[in-house]
Amino acid sequence: MITVKNYLSHFDAAGFVDLCQKDLISAMSNNSKKGIVFGASGGIDSLATAALCIKAARKGTTWPVMGLQMIDSRVRGESYHPEVYRKLGVELIKIDITKEAIEREKHLHMPPRWLTVFLMKLVLRRLPVRSRRWLILQLKSGKAPQWGLSHLNLLTLLHRLRIARLREFATTRELMVVICANRTEASLGYFVEQGVDDTRMGDWAPISGLYKTQVKMVARYLRLPDEIIRQRPSPGFGGVYDEEILGPYELVDPILIGFNLGYTDERLGRWVASRKEGPGAKESYRYVQFLRELSQIGAQKGI
């Protein structure tokens, strides 16, 4: 796995930031947009994207960088860090989408949100690992029972409501829509199709070519607060974390790079098993297989 380690350790965060500035300045000068808007969650992806946009705006002809924080008040366990956005220089706008979400859920006869979140936490924290991964693959492929898919649709509804609000806001104000999605999510289809993290729904996605590990490197270079970099990534479902679904990014990203380099599941499994925090050989191989299947079901295609 030496090649994989080199791929990550040799990443030039400074060069990437400089290239992003040039790309955004060029994009803004070649169109009639009057500024930038993005969906402002409290995660490292959106905060790193915000910092990149602000840095480019200050270097080029200054334009406003606006962040829409579209919050459902029923969602608990999420950190939105409004003070960090404002310190960066983002014009933060909060929009309460709770009423709209409730009305849509009723119209579509969806299950109660509290029940969906309870069941998801139960699956991720109580179900045996093999059963949990099987269920995740079934949901991702659309082969799960209808009751399971109805719960998944409820969880992903907010992401689709948010992109609709974001695009509407951008249209009325002639703004460029920036998507805050990374390469790890795209490689595994770990995003909501036609949602706020779908790169096809915006005009620019600066970190879409970076693995999550590299996004953290960029965040450190941009001197984002350590609490943001250390924060457990979340899909925004409320008290549920990415790594409960995918596993630790310290393993996920090298494995995805290994797939791209043509490494076999056996070779990658041995590498996972060799790590101090890694599981045993048999479970390591199964974990690699899980990520392989997840990426094959719908790379570049969300749920």
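Please go through the stretch 114-165 and give me each residue that is part of a loop (DSSP other than H, G, I, E, B) and among the aliphatic types (A, V, I, L, M), ordered by number. Full working, then the answer.
Taking the stretch 114-165 first, the residues part of a loop (DSSP other than H, G, I, E, B) are 127-128, 142-145.
Scanning the stretch 114-165 gives Leu127, Ala144.
Would you say Asp197 is acidic (Asp, Glu), surrounded by 20 or more Cβ atoms within 10 Å (Cβ to Cβ) and either modelled with pLDDT of 95 or more or under 21 Å from Tyr80 (Cβ atoms) (or both)?
Numbers: acidic (Asp, Glu): yes; surrounded by 20 or more Cβ atoms within 10 Å (Cβ to Cβ): yes; either modelled with pLDDT of 95 or more or under 21 Å from Tyr80 (Cβ atoms) (or both): yes.
Criteria met by Asp197.
Condition first: crowded, with 16+ Cβ neighbours inside 10 Å, in contact with a helix residue (DSSP H, G or I) (Cβ under 9 Å, 6 or more places away or on another chain), within 16 Å of Asp197 (Cβ to Cβ) and among the polar types (S, T, N, Q). Can you find one or more residues in the stretch 230-242 that meet it?
From the stretch 230-242, those crowded, with 16+ Cβ neighbours inside 10 Å are 231, 233-238, 240, 242; that's our starting set.
Filter once more, keeping what is in contact with a helix residue (DSSP H, G or I) (Cβ under 9 Å, 6 or more places away or on another chain): 231, 233-238, 240, 242.
Retained after the next criterion (residues that are within 16 Å of Asp197 (Cβ to Cβ)): 233-237, 240, 242.
Checking the rest, the ones that are also among the polar types (S, T, N, Q) come to 234.
Within the stretch 230-242 (the criterion being crowded, with 16+ Cβ neighbours inside 10 Å, in contact with a helix residue (DSSP H, G or I) (Cβ under 9 Å, 6 or more places away or on another chain), within 16 Å of Asp197 (Cβ to Cβ) and among the polar types (S, T, N, Q)), the answer is yes, since at least one residue qualifies.
Would you please name the residue that is modelled with the lowest pLDDT, looking only at residues in the stretch 45-56 that are buried (at least 21 other Cβ atoms within 10 Å of the Cβ) and of a type in the set (A, V, I, L, M)?
Residue satisfying both the conditions and the ranking: Ala56.
From the set of residues in the stretch 69-120 that are of a type in the set (Phe, Trp, Tyr) and at pLDDT below 95, which is farthest from Ala164 (Cα to Cα)? Give the derivation first.
First pass over the stretch 69-120, keeping only residues of a type in the set (Phe, Trp, Tyr): 80, 85, 114, 118.
Those still in the list that are at pLDDT below 95 too: 80, 114, 118.
Working: Tyr80: 20, Trp114: 24, Phe118: 27 Å.
Residue satisfying both the conditions and the ranking: Phe118.
Could you please find all residues in the stretch 206-238 being touching a residue at least 24 places away in the same chain (Cβ under 8 Å) and among the charged types (D, E, K, R)?
Correct list: Lys212, Lys216, Arg220.
Which of the residues that make up the stretch 106-117 are of a type in the set (A, V, I, L, M, F, W, C) and more than 22 Å from the chain's Cα centre (by Cα)?
Of the residues in the stretch 106-117, the ones of a type in the set (A, V, I, L, M, F, W, C) are 108, 110, 114-115, 117.
Within the stretch 106-117, Leu108, Met110, Trp114, Leu115 meet the criteria.
Quick one: what pairs do we get from the stretch 182-205, first residue in a helix (DSSP H, G or I), second among the small types (Gly, Ala, Ser), C-beta under 6 Å, 6+ apart or different chains?
Arg183/Gly209; Ser187/Ser295; Ser187/Ala299; Leu188/Ser295; Thr199/Ala181; Thr199/Ala205; Thr199/Ser208
Would you point out which residue out of Leu166, Leu261 is over 12 Å from the mean Cα position of the chain (by Cα), surrounded by fewer than 16 Cβ atoms within 10 Å (Cβ to Cβ) and in contact (Cβ under 8 Å) with a residue 60 or more places away in the chain? Give the steps one after another, and end with the answer.
Details: Leu166 fails: surrounded by fewer than 16 Cβ atoms within 10 Å (Cβ to Cβ).
Every option except Leu261 fails the conditions.
The values are calculated or read from the model by the stated rules, or taken from the named source; none is laboratory data. Given the structure is predicted, the values throughout are model-derived calculations rather than measurements. Ideal geometry is used to build each Cβ from the backbone, glycine not excepted, and the neighbour counts take in all protein chains shown.
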